[in-house]
Amino acid sequence: MTRPRLSVSLVGLGYVGLCTAVSFASRGFDTLGADIDRGRVEQIGKGRAPFREPGLDKLLRLGLRSKRLMVTGDVSKVAGTDVIFITVGTPSNPDGSINLGYVESATRQIGTSIRDEPDYRLVVVKSTVTPGTTSSTLKPILEETSEKKAGVKLGLCTNPEFLREGSAIQDALHPDKLVIGAVNKESGSRLAKLYRTFYLRRPPPTILTTPDTAELIKYSSNAFLATKVSYINTIANIAQQIPGVDVEKVAEAVGLDPRIGRLFLKAGPGYGGSCFHKDLQAIIAFSQKLGYKPTLLETVEEVNEQQATKVVSLAETLLGSLIDKRVAVLGLAFKKDTDDTREAASLRVIENLKKKGAQVVAYDPMAMPNARQVLGRTVEFAKNQRSAIKGADCCIIMTEWDQFRKLKGKDYAQSMKTPNIVDARRLYTPEDLEGLKFRAIGLGHDTH
Ligand code: UDX
């Protein structure tokens, strides 16, 4: 006999919601995805994911075909499921602090819809929220709108996610940990039980704690990762000043210390993406409100912001003034294998280049539609990587797409007006581009 499974639902079919939904459906759970954006729901219902993510399209189609996954524009429908995840966005306010508007309204909708529900309902906050939100803000909203008391036929947990774009499905199916912050014992046990069913053979280490601690864990993770990137970029900028020194060698050796670890020590143009900047700003604002100024985290952000100017100054060491220079920017996505340009370093670099009077021609294999929305007509978009470098005075590599490696030294030499290359992602070794004028982040260079 097959085990009866709990049904799950997700309110908010953005990145986290949709990837989590298809993962639940793929493990045999009856899954309902809900979103107030009916256009998005319709598109997803036809099997078309609104963003690119490896493995997502396949699991989405399989889920829909097997009817394990259903989608709806009517959020109240989630009332019929055992476990209701909140996966709506938590954008920034203009001062960097977190905007809880969507989470609060999702909580209100869920509460209202489960009011007459006789069975136990577990509500799980997966959206990234600052410490205290679940217990002090969402719990009262949920209790008021549902007319139930947490603990009596109503459970509430916070359960942050740690999905990376580009490997979100893999991360959802094989996470390195589960963090469950429960408002009471029963809520925590019920969520842990759900995950035991999900990860039947290999359940990940599980941290069972309070909602406040779980919320801080999420921010601490992202803040630490961002710190690692700004740290190695700082070392890269020092290495840059010392001829013959390469930050990659330094990182390799430093990373062998198990207390440090080798991951997330790749120097580059600075971090981007939907999480790091937003979450750092949110935790900084949160902390300041409590009366503590988190200088370290403020500096991590400052270093990241400055890294874009370092990239541009490498172009200047090759070209001198950038006025009216044609600069090809290869890569717009904040990292490879995604079409996401949110907070991408490429945008900061392009803004800088434009300020300095350069003409920018850009190319990205996936992210051009998104980049166009931000950059409009301020830059020229090339059809492919070869046409991007054609006639250019300088080429800056901003995203580590594998396909950029297909461009060899001779391609740059033949196509460009003057073959000046700035490698902000360390795709090439100096030997690869011998004979060309080449600068790379964190590679100390003789200036003569
Ligand atoms: C990140 C976290 O990794 C994930 O756990 C969280 O849930 C969401 O935020 P993501 O934004 O998808 O995930 O990107 P990630 O792969 O972490 O990279 C973030 C940025 O840091 C990228 O711009 C990347 O290029 C940069 N980075 C990363 C470096 O510059 N060097 C590194 O060594 C690693």
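Keeping every protein chain present and rolling a 1.4 Å probe, give me the accessible area per residue for the chain in Å².
Numbers: 20770 Å² over 448 residues.
Per residue, the chain has 46 Å² of solvent-accessible surface.
For the range 53-179, divide the Cα radius of gyration by the Kirkwood radius and give the resulting Rg/Rh value with two decimals. Walk me through the intermediate numbers first.
Working: Rg = 15.8 Å, Rh = 16.0 Å.
The Rg/Rh ratio comes out at 0.99.
State, to one decimal in nm, how far the label point of residue 295 lies from the label point of residue 173, with both points 7 Å from Cα in the Cβ direction.
4.7
In nm, what is the difference between 0.36 nm times the number of residues separating residue 52 and residue 213 and their Cα-Cα distance?
Working: separation 161, 0.36 × 161 = 57.96 nm, distance 3.22 nm.
In short, 54.7 nm is gained.
Loop-only GluC sites (Glu not before Pro) in the range 384-448, please: DSSP not H, G, I, E or B, and at most 14 other Cβ atoms within 10 Å. Present the calculation step by step, with values, prior to reporting the outcome.
Values: sites: 400, 431, 434; in loops: 400, 431, 434.
Hits after loop and neighbour filter: 431, 434.
Counting Lys and Arg as +1 and Asp and Glu as -1, what is the net charge of the other residues whose Cβ lies under 9 Å from the Cβ of residue 79? Intermediate values should be presented prior to the final figure.
Details: positive: 77, 115, 121; negative: 116, 117.
Taking every Cβ under 9 Å from that of residue 79, the sum is +1.
With a 1.4 Å probe and all protein chains left in place, how much of the accessible area of the range 261-344 comes from carbon and sulfur atoms, in whole percent? Working shown, then result.
On the way: 2090 of 3670 Å².
Ligands and nucleic acids excluded, carbon and sulfur reach 57 percent.
Give me the distance in nm between label points sitting 7 Å out from Cα along the Cα-to-Cβ direction at residue 306 and residue 120, one decimal.
In this crude spin-label approximation the distance works out to 5.4 nm.
Mind pulling up the Rg/Rh value for the range 84-154? Radius of gyration and Kirkwood radius, both on Cα. Walk me through the numbers on the way to the answer.
Numbers: Rg = 12.4 Å, Rh = 12.4 Å.
Result for the range 84-154 is an Rg/Rh of 0.99.
Per residue of the chain, what 222 nm ellipticity follows from adding -39500 (n - 2.57) for every DSSP H run with n ≥ 4, rounded to the nearest 500? Numbers along the way, then the final one.
Details: 15 runs with 179 residues, N = 448.
Computed mean residue ellipticity for the chain: -12500 deg cm²/dmol.
Let's test this: bin the Cα-Cα distances of the range 132-204 at 5 Å from zero up to the farthest pair and state each bin's percent.
3, 15, 21, 20, 15, 13, 9, 3, 0
How many times 2.2 N^0.38 Å is the alpha carbon radius of gyration of the range 43-123? Let's see the in-between values first.
On the way: Rg = 15.5 Å, N = 81, 2.2 N^0.38 = 11.7 Å.
Here the Cα radius of gyration is 1.33 times the empirical estimate.
Using a 7 Å offset from the Cα along the Cα-to-Cβ direction at both residue 77 and residue 434, what is the distance between the two label points in nm, to one decimal?
6.3
Given the whole protein assembly as supplied and a 1.4 Å probe, what does the accessible area of residue 102 come to in Å², nearest 10?
Spelled out: residue 102, probe radius 1.4 Å, area about 130 Å².
Give a residue-ordered list of calculated ³J(HN,Hα) values for the range 184-195 (Karplus: 6.51 cos²θ - 1.76 cosθ + 1.60, θ = phi - 60°; whole Hz; x for Gly, Pro).
Whole-Hz 3J(HN,Hα) from phi for the range 184-195: 7, 4, 4, 4, x, 5, 5, 5, 4, 5, 4, 6.
For the range 11-53, build the charge dipole from Cβ charges (+1 Lys, Arg; -1 Asp, Glu) around the Cα centre, then report which of 43, 33, 14 sits farthest towards its positive end.
Value: 43.
How large is log10 I(q)/I(0) at q = 0.19, 0.21, 0.22 Å⁻¹ when the Debye formula is applied to the Cα atoms of the range 200-280, each weighted equally and without solvent?
The Debye formula, applied to the Cα set alone, gives -0.91, -1.00, -1.04.
May I ask you to compute the full-extension gain from residue 413 to residue 224, defined as 0.36 nm times their residue separation minus their alpha-carbon distance, rounded to one decimal in nm?
Working: separation 189, 0.36 × 189 = 68.04 nm, distance 4.07 nm.
Difference between extended and current length: 64.0 nm.
Protein chains only, probe 1.4 Å: how do 355, 266 rank by accessible area, largest first? Kindly include the intermediate steps, with their values, before the conclusion.
Details: 355 160, 266 105 Å².
Result of the area sort, largest leading: 355, 266.
For an R0 of 35 angstrom, estimate the FRET efficiency from the Cβ-Cβ distance between residue 405 and residue 206 and round to the nearest 0.05. Spell out each step's value before the answer.
On the way: r = 40 Å, r/R0 = 1.15.
FRET efficiency, residue 405 to residue 206: 0.30.
Within the range 370-448, list the trypsin sites (Lys or Arg not before Pro) lying in a DSSP loop whose Cβ has at most 13 other Cβ atoms in a 10 Å radius. Could the numbers behind the result be given before it?
Numbers: sites: 372, 377, 383, 386, 390, 405, 406, 408, 410, 417, 425, 426, 437, 439; in loops: 377, 383, 390, 408, 417, 425, 426.
Answer by residue number: 377, 383, 408, 417.
For the range 169-314, go through all pairs of different Cα atoms, get the mean of 1/r, take its inverse, and jot down that Kirkwood value in Å. Walk me through the numbers on the way to the answer.
Numbers: mean 1/r = 0.0564 Å⁻¹.
17.7 Å is the Kirkwood radius here.
Send over the semi-axes of the chain's equivalent ellipsoid, whole angstrom and largest first, taken as the square roots of 5 times the C-alpha gyration tensor eigenvalues. Spell out each step's value before the answer.
On the way: eigenvalues 390, 108, 76 Å².
For the chain, the ellipsoid semi-axes come out as 44, 23, 20 Å.
Given H placed on each backbone N at 1.01 Å, which residues far from residue 154 in sequence or on other chains put an amide H within less than 5 Å of it?
121
Need the full-extension length gain, residue 184 to residue 66, defined as separation in residues times 0.36 nm minus the C-alpha distance. One decimal, nm. Numbers along the way, then the final one.
Numbers: separation 118, 0.36 × 118 = 42.48 nm, distance 3.52 nm.
Extra length available between residue 184 and residue 66 comes to 39.0 nm.
For residue 42 and residue 257, what is the calculated FRET efficiency with R₀ set at 35 Å and r taken between the beta-carbons, to the nearest 0.05?
Working: r = 52 Å, r/R0 = 1.47.
The formula returns an efficiency of 0.10 here.
Got the relative contact order for the range 117-234 handy, in percent, Cα pairs under 8 Å and 6 or more residues apart?
Numbers: 159 pairs, mean separation 35.9, N = 118.
Once normalised by length, the contact order is 30 percent.
Using a 1.4 angstrom probe on the protein heavy atoms only, line up 157, 275 by accessible area, largest first.
On the way: 157 0, 275 45 Å².
Per-residue accessible area, sorted high to low, gives 275, 157.
Just in the range 27-134: which trypsin sites (Lys or Arg not before Pro) are loop by DSSP and have at most 14 other Cβ atoms within 10 Å?
Details: sites: 27, 38, 40, 46, 48, 52, 58, 61, 65, 67, 68, 77, 108, 115, 121, 126; in loops: 27, 46, 48, 52, 67, 68, 115, 126.
Here the trypsin sites (Lys or Arg not before Pro) that fit, given the DSSP loop and packing criteria, are 46, 48, 67, 115.
Which of the residue pairs 354/383; 228/289; 266/356; 310/406 have a Cα-Cα distance greater than 23 Å in the structure shown? If you can, show how the numbers build up before the last one.
On the way: 354/383 21 Å; 228/289 25 Å; 266/356 28 Å; 310/406 26 Å.
Too far apart for the 23 Å limit: 228/289; 266/356; 310/406.
The values are calculated or read from the model by the stated rules, or taken from the named source; none is laboratory data. No experiment lies behind these values; they were computed from the predicted model shown. All Cβ positions, glycine included, derive from the backbone under ideal geometry; neighbour counts span all protein chains shown. The accessibility values were calculated without ligands, DNA or RNA, using every heavy atom of the protein model including side chains. Shrake-Rupley method; radii C 1.70, N 1.55, O 1.52, S 1.80 Å.
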